[in-house]
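All of the numbers you see were taken from the coordinates with simple rules; none came from a lab. Everything numeric in this text was worked out from a predicted model, so none of it was measured. Positions of Cβ are generated from backbone atoms using ideal geometry, with glycine treated the same way; all protein chains shown enter the neighbour counts.
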Amino acid sequence: MARDYYDALGVSRTASTEELQRAYRKLARQYHPDVNRDPGAEERFKEVSEAYSVLSDPDTRRRYDRFGPDFRQIPEGYEASADTARAGRAGSPFGSGSRVRVDSDSGGRFGAGGIDIDDLLSGLFGSRGAAGPIPGADQEAELELSVEEAYRGGRRRITLSGAGEPVSFEVTIPAGVTDGQRIRVSGAGGQGSGGSTAGDLYLVVRIAPHPRYRVNGRDISVDLLLAPWEGALGATVSVVTPGGEAKVRVPAGTSTGRRLRLRGEGMPNPRGTPGDLYAEVKIMVPRKLTARERELFESLRRDSTFDPRKGT
Amino acid sequence: MTSYSLMRTSRLSLDSFAARAGMHPELVRRFVALGLLEPFRDTSGRLWFAAPQLRAVARIQRLRAGLSVNYAALGLVMDLLDRIEVLEAALRATGSHMPSNAVHSPPSVARFEE
């Protein structure tokens, strides 16, 4: 929290009390850990709370303006001696800058509006009154996986950036995890206060777009490129799947667009039936024909009655 | 991966619930009166709490402490947060990306360590 308190709130050093409060309220709503699940939000929330708790109190604000971030090291002893001096001689080593210190216990707690005096629950983030330990909030972060990683699953070491210091931990990715599924990392969420338990971190899985595989839930589609005679006569060809190579039997008379299902060759499912793999046929022709190929295709044109534009 | 500790249908008495929440039992009663917690009431009128309600208490405490949400508004805020959670889960199930956090800042991203 080396950041300047005014910067943290996004206000100028001459901001009025009202401006401070407005900026603080807006940011607090935005970054409160129960509203914003981002792991970075909690740190930001603490930062603005800390900034506001200092700047909303005219006395600590003055000290902060004068001494900067170290003001806490200076004032306690310094002001105590100032108070003694004032009590003794009505003079002050601070000159005109010093005034009678108002104890901030009741006054500058959390702005003016909406405070219950009998609030039994204040002080989540340290600065205001004592409260019992409060468990931390749950957080959420995205985890992008390739199709192959999602297929394999397994125990992986993961780094989470964006929440101040990068943190790393091990997670078990279930084999066949699907897009949008949440993986819970127990205790890796928001910190609890007063020694209470931390919240959980949920990793929301995003399956990255893949040049070959199209994933829909647990089903995977992949293009199956065939020569015209393979489609016409039928063939057994191999297709690469995330789980390795698989054999597809192409029935005779297969045209482009036909979807051949390989049952259970899609994403695995730890709790049930795995997804299917769909091989989507695309009939391809040679870009350039050899003389012999041309001869054969031309004799086919001569002899065939097939017209794909007429109903078959 | 799934933890069952909160799934057990264990019920806590008012006193043990208050102790685990780190609160005075009277404050727990006040939460109940405000409709913020929904305990079971047995035939003798005693209150019993499901363990997951501890999470609700933690959320109440965080919202109180962090945003000074008053008790009357807390019920509304919690209902709205619950509804957002349901909607986000439905969105996730369709594979849609949620704009919620992205509005404020780019969402934190977890990466593999190679």
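What's the magnitude of the charge dipole for the stretch B:16-74 around its Cα centre, counting Lys and Arg as +1 and Asp and Glu as -1 at the beta-carbon? Answer in Debye, nearest 20. Before the final figure, lay out each step's value.
Values: 9 positive and 3 negative charges, 28 e Å.
Charge dipole of the stretch B:16-74: 140 debye, to the nearest 20.
Taking every residue in B:53-63 and counting other chain Cβ atoms within 10 Å of its Cβ, the average works out to 6. Working ranking of peptides B:18-27, A:42-51 by packing, defined as the average number of other Cβ atoms within 10 Å per residue, highest first, is A:42-51, B:18-27. Close amide-amide hydrogen proximity is noted between A:Val250 and A:Ala235, A:Thr236, A:Val237, each under 5 Å apart and 5 or more residues distant or on a separate chain (H modeled in the peptide plane; Pro and chain starts excluded). Sorted from greatest to least, the principal axis extents spanned by the alpha carbons of the stretch B:28-74 come out as 38, 20, 11 Å.
Peptides A:249-262, B:48-61, A:273-286, A:292-305 ranked from most to least packed, by the mean per-residue count of other Cβ atoms within 10 Å: B:48-61, A:273-286, A:249-262, A:292-305.
Using a simple spin-label model with pseudo-atoms 7 Å out from Cα toward Cβ, A:Arg182 and B:Arg20 lie 2.0 nm apart. For the stretch A:214-288, a simple Cβ point-charge model (Lys and Arg +1, Asp and Glu -1, everything else neutral) yields a dipole of about 100 debye relative to the Cα centre. With a 10 Å cut-off around each Cβ of A:30-36, the average count of Cβ atoms from other chains is 6. Here is the P(r) of the stretch B:11-96: all C-alpha pair distances, binned every 5 Å from 0, give 3, 13, 22, 22, 15, 12, 7, 4, 2, 0 in whole percents. A simple spin-label model places pseudo-atoms 7 Å from Cα toward Cβ; at A:Arg263 and A:Arg157 they are separated by 4.3 nm. Tell me the net charge near A:Gly231. Cut-off is 12 Å between Cβ atoms, A:Gly231 excluded, with +1 for each Lys or Arg and -1 for each Asp or Glu. With Lys, Arg at +1 and Asp, Glu at -1, the net is +1. For the stretch A:139-207, the alpha-carbon coordinates run over 42, 19, 19 Å along the three principal axes, in decreasing order. Look at the stretch B:73-82: the mean tally of other chain Cβ atoms within 10 Å of its residues' Cβ atoms is 1. Around the amide H of A:Gln139, modelled in the peptide plane, lie the amide H atoms of A:Gly190, A:Asp200, A:Leu201, A:Tyr202, all under 5 Å away and 5 or more residues distant in sequence or on another chain. For the peptides A:165-173, A:135-143, the ranking by mean Cβ contacts within 10 Å, running from highest to lowest, is A:135-143, A:165-173. Positive contributions from Lys and Arg (+1) and negative ones from Asp and Glu (-1), summed over other residues with Cβ under 11 Å from the Cβ of A:Thr197, come out at +1. Under conditions of 4 °C and 1.567 mPa s, the stretch A:214-288 yields 101 µm² s⁻¹ as its translational diffusion coefficient, taking Rh as the Kirkwood radius over Cα pairs in the Stokes-Einstein equation.
Once you place label points 7 Å from the Cα toward the Cβ at A:Val285 and B:Arg41, how far apart are they in nm? Each label point is offset 7 Å from its Cα along the Cβ direction, giving 8.1 nm. Straight-distance candidates among the lysines for linking to A:Lys26, with alpha-carbon spacing under 22 Å and chain neighbours fewer than 8 residues away dropped: A:Lys46.
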